[in-house]
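*Asks:* Below is one structure. I have some questions about it.
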There are 2 protein chains.
Amino acid sequence: MIGNAVKSIFLENEENLLINGDNVATLTDTNNLEHALLVLTNIGYSKIPVLNKEQQLVGLISLSNVVSEMFDTESINPERLAEIKVSDVMDKNVKATMLPFNIEKILNLLVDGNFIPVVDDKEKFLGIITRKEILKSVNHLAHELELKYDVYEKEIQEGETLNKAFNIYPKR
Amino acid sequence: MIGNAVKSIFLENEENLLINGDNVATLTDTNNLEHALLVLTNIGYSKIPVLNKEQQLVGLISLSNVVSEMFDTESINPERLAEIKVSDVMDKNVKATMLPFNIEKILNLLVDGNFIPVVDDKEKFLGIITRKEILKSVNHLAHELELKYDVYEKEIQEGETLNKAFNIYPKR
């Protein structure tokens, strides 16, 4: 459970959180890895979404997924790349999220990935939420919270733990 | 200026923020790019620190820095990699930080990079602070703040802005 003050400061930046799909570099599942290598090297992002012909999100692919396929026992063999499809090496285990945003879920998913894809109820790709935008919100939160709110340490009754007192979140 | 409650919750996790240099994959500035390609592909991180023989931080190198050097006009030519050194392609414009940690600076630097290198006063590499660990702290902060503290919206006098009232941080 995230408190209301924290949530409300996070959501002040809500309209900037979603980077629209039109502005996100993606690959198609039927592209070959030679094309994927070119795209991933040029855009400067190490991992991007993979869509099918219906614009549905089907996976994520990273530059290292592609480069790994060039290693042929000991030598580097770039010719292999033309024969392999993006769908053969992409990571299909993608955790996407949907609108409206759930800040708690987003913060959780971003611990393990640089971005979260956003889809609609038909899996159509809408865009991404990035760590970069969330960290901008964190900066904003850290600076604004104690300007906008008075923050007082809670008094806990003797013998009572936070956990008991609020019965919401295990004390760490 | 970051408020005390926010700062103190962030610093509860301080000892976990620094990932010790011994546990961070690095390259040496004199390594060639064939070696760099192997290391960067195997570790699964897209960018890592570069050290000199004195263990000082001298740059950062990414998988896409290396792969870019394989493109020979139109074809892919991996043989070039053996002749190029890490120091020739690394990014030398590195923003590092030092101990003790300044949470405000760290939050700011992590908006633009996946990690911040930490060095001592002789530029010796001590480790990194990652977005992953900071986002764990953000999760902790978001959950704990309103359990540990009472948070009340401030009452601003009529005609007075937050900026005037506190004269610290420009209102957005």
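The values are calculated or read from the model by the stated rules, or taken from the named source; none is laboratory data. Computed from a predicted model, the values in this text were never measured in an experiment. Note that we place each Cβ from the backbone using ideal geometry, even for glycine, and neighbour counts take in every protein chain shown.
Residue by residue, here is whether (1) at the interface with chain A (Cβ under 7 Å from one of its Cβ atoms); (2) modelled with pLDDT under 80; (3) surrounded by fewer than 19 Cβ atoms within 10 Å (Cβ to Cβ); (4) part of a loop (DSSP other than H, G, I, E, B) holds:
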| site | (1), (2), (3), (4) |
| --- | --- |
| B:Lys105 | no, no, yes, no |
| B:Gly113 | no, no, yes, yes |
| B:Val118 | no, no, no, no |
| B:Lys122 | no, no, yes, yes |
| B:Gly127 | no, no, no, no |
| B:Leu135 | yes, no, no, no |
| B:Glu146 | yes, yes, no, no |
| B:Glu158 | no, yes, yes, yes |
| B:Tyr169 | yes, yes, yes, yes |
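Table: residues versus (1) touching a helix residue (DSSP H, G or I) at 6+ places or on another chain (Cβ under 6 Å); (2) under 19 Å from A:Leu27 (Cα atoms).
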| residue | (1), (2) |
| --- | --- |
| A:Val94 | no, yes |
| A:Leu109 | no, no |
| A:Ile116 | yes, yes |
| A:Arg131 | yes, no |
| A:Ile134 | no, no |
| A:Val138 | yes, no |
| A:Leu141 | yes, no |
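*Asks:* Pairs under 7 Å by beta carbon, first residue under 16 Å from B:Asn16 (Cα atoms) in segment B:102-128, partner among the polar types (S, T, N, Q), six or more apart or different chains?
*Replies:* Listed by first residue and then by second, the contacts come to B:Ile106/B:Thr97; B:Leu107/A:Asn139; B:Phe115/B:Thr130; B:Ile116/B:Thr97; B:Val118/B:Thr97; B:Gly127/B:Asn20.
*Asks:* Among helices (runs of 4 or more DSSP H) lying entirely in segment B:1-98, which contain 1 or more residues that are touching a residue at least 60 places away in the same chain (Cβ under 8 Å) and buried (at least 16 other Cβ atoms within 10 Å of the Cβ)?
*Replies:* Result: B:4-11, B:14-17.
*Asks:* Next question. Take the residues in segment B:36-57 that are under 17 Å from B:Asn93 (Cβ atoms) and not β-branched (Val, Ile, Thr); name whichever of them is farthest from the chain's Cα centre (by Cα). I'd like the intermediate steps shown before the answer.
*Replies:* Of all residues in segment B:36-57, those under 17 Å from B:Asn93 (Cβ atoms) come to B:47-52, B:56-57.
Still in the list and also not β-branched (Val, Ile, Thr): B:47, B:49, B:51-52, B:56-57.
Details: B:Lys47: 11, B:Pro49: 11, B:Leu51: 16, B:Asn52: 19, B:Gln56: 17, B:Leu57: 13 Å.
Ranking the candidates gives B:Asn52 first.
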